[in-house]
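Taking it in order: structure first as structure tokens, then the write-up.
Coordinate-derived values only; no laboratory data. Here the structure is a predicted model, which means the values were calculated and not measured. Here Cβ is always computed from backbone atoms with ideal geometry, including for glycine, and neighbour counts include all displayed protein chains.
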Amino acid sequence: MIMDGFAAYCFSNAINMHFNSPSYDAVKYNFKTRVTQKSYWGRPDKYQLTKIGKRFKHKEDIIKYFVAHQLAGNKWVGDMIRDEDTYTEFLKRIDSLAYNFRNELEEISDKGFDSLFQVTKDIQYPKIISLYLDGTVSLETVCILNQLTGFIERADSQITETLLWPDIYNKVVKYQPFVPFDREKYKRLVLTIFNDDTT
């Protein structure tokens, strides 16, 4: 069934709240918010929302669309429609998740697995975060490694910097529920690439 503009509005609002409200978890609340038909019809972008809704038949696909644009910083519907590359590139990354994960870890396998997540007086962020910031590894890889190790919460308890870290922490924690991966398969990949360093 093709989505309508109101459905697109509901998912757009839920994803926006998920990424920008500390207390709202779209997955936990099944993407339900307090939006109404009345608030939808009062929006100036309702026709653009209808255009987006008509593109999708499945809930999972429209969720990916709005997640992709949130990550790119596109919060306005008009910007999303004009920026087609963001969604296309997002789908490519998700489709190549295992391939990219393996390649990125192989590139940094000489650094030692445990050292990727350490925070010390001399290291402001965990090394894996620095590698993400310089483009060596993707956000998806960071999210998967966090779900395997839980490093982000440990790092958050140690890092006192408040300029960039809160945004980095929020992006990882909020995005990771939307990164689909087989936990056992990816754990085996890590063990294979880093050999005995993870034990």
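Using C-alpha pairs below 8 Å separated by at least 6 residues, the relative contact order for the chain is 21 percent.
Take each of the peptides 183-189, 61-67, average the number of other beta-carbon atoms within 10 Å over its residues, and list them starting from the highest. Mind dumping the intermediate values first?
Details: 183-189: 13.1, 61-67: 20.9.
Highest mean packing first, the order is 61-67, 183-189.
By the rule of a C-alpha distance below 26 Å, with chain neighbours fewer than 8 residues away ignored, the lysines paired with K51 are K32, K38, K59, K64, K75, K92. Excluding L97 itself, calculate the net charge of residues whose Cβ lies under 11 Å from the Cβ of L97, where each Lys or Arg counts +1 and each Asp or Glu counts -1. That sum, taken over residues with Cβ under 11 Å, equals 0. Distance between the pseudo-spin-label points of L91 and K51 (7 Å out from Cα toward the beta carbon): 1.8 nm. Once the Cα-Cα distance is subtracted from the 0.36 nm per residue extended length, the N103 to T120 segment shows a gain of 3.4 nm.
Can you give the charge dipole size of the chain about its Cα centre, rounded to the nearest 20 debye, using +1 on the beta carbon of Lys and Arg and -1 on the beta carbon of Asp and Glu?
Numbers: 27 positive and 27 negative charges, 249 e Å.
It comes to approximately 1200 debye.
Annotation for E184 and V35: the two label points, set 7 Å from Cα along the Cα-Cβ direction, are 3.8 nm apart. Computed over the chain, the per-residue total of -39500 (n - 2.57) for DSSP H runs of n ≥ 4 gives a 222 nm mean residue ellipticity of -18000 deg cm²/dmol, rounded to 500. Each principal axis of the Cα atoms in the chain has its own extent, and those three values, largest first, are 57, 34, 28 angstrom. Rounded to the nearest Hz, the phi-derived 3J(HN,Hα) couplings of segment 121-138 under the Karplus curve 6.51 cos²θ - 1.76 cosθ + 1.60 (θ = phi - 60°) are 4, 8, 10, 5, 10, x, 4, 5, 6, 4, 5, 5, 5, 8, x, 6, 10, 8, where x marks glycine and proline.
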